[in-house]
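Have a look at the structure below, then the notes.
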Amino acid sequence: MADVFLPEKRSEIMRKVKSKRNQSTEMRLIAFFKAKGIKGWRRNYPLTGKPDFVFPKLKTAIFADGCFWHGHDCRNTRPEQNKEYWTKKRERNVRRDQEITATLTRRGWNVVRIWECEIKKGDFEAKLQRILST
């Protein structure tokens with residue numbers, strides 16, 4: 001499937017994708033924490049891999065992973081244009097995510113990765129409640 005946008009427009013769209021304060025992931029998790037009265041989380045905590053949220057007392061790191069950038073195949077997220085570049089980019093991201101998870105786990109941290117699509121659907125709540133209540 002060809003891209004529906006011209007290259008200039010696609011570049012403009014991709015530039016707007018930010019790694020912090022993402023409305024579809026991080027801000028929804030913040031709203032969830034506040035609504036449920038979940039406390040003890042920190043942002044920008046100095047930890048390997050730069051987790052989106054850290055619960056230092058629970059030694060739990062939470063990553064809100066975007067489906068496109070981190071290789072989740074929940075929908076058609078594989079561009080046809082510049083296919084080789086995007087395939088390599090996603091593979092590097094997946095490999096880095098695995099290395100970060102392994103490193104933190106070896107150091108005694110619980111690592112939780114939540115997909116963007118889970119956050120949008122609200123399918124993450126039970127998962128987080130179970131982990132954070134232990």
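Quick note: the coordinates plus some simple rules give every number you see, no bench work behind them. Just so you know, these numbers come straight off a predicted model, no measurement behind them.
Annotations for the structure displayed:
- Working note: Cα gyration tensor of the chain, eigenvalues times five, square-rooted, sorted largest first, giving semi-axes of 29, 17, 13 Å.
- Residues whose placed amide H lies under 5 Å from that of Arg113, excluding near-sequence neighbours: Phe63
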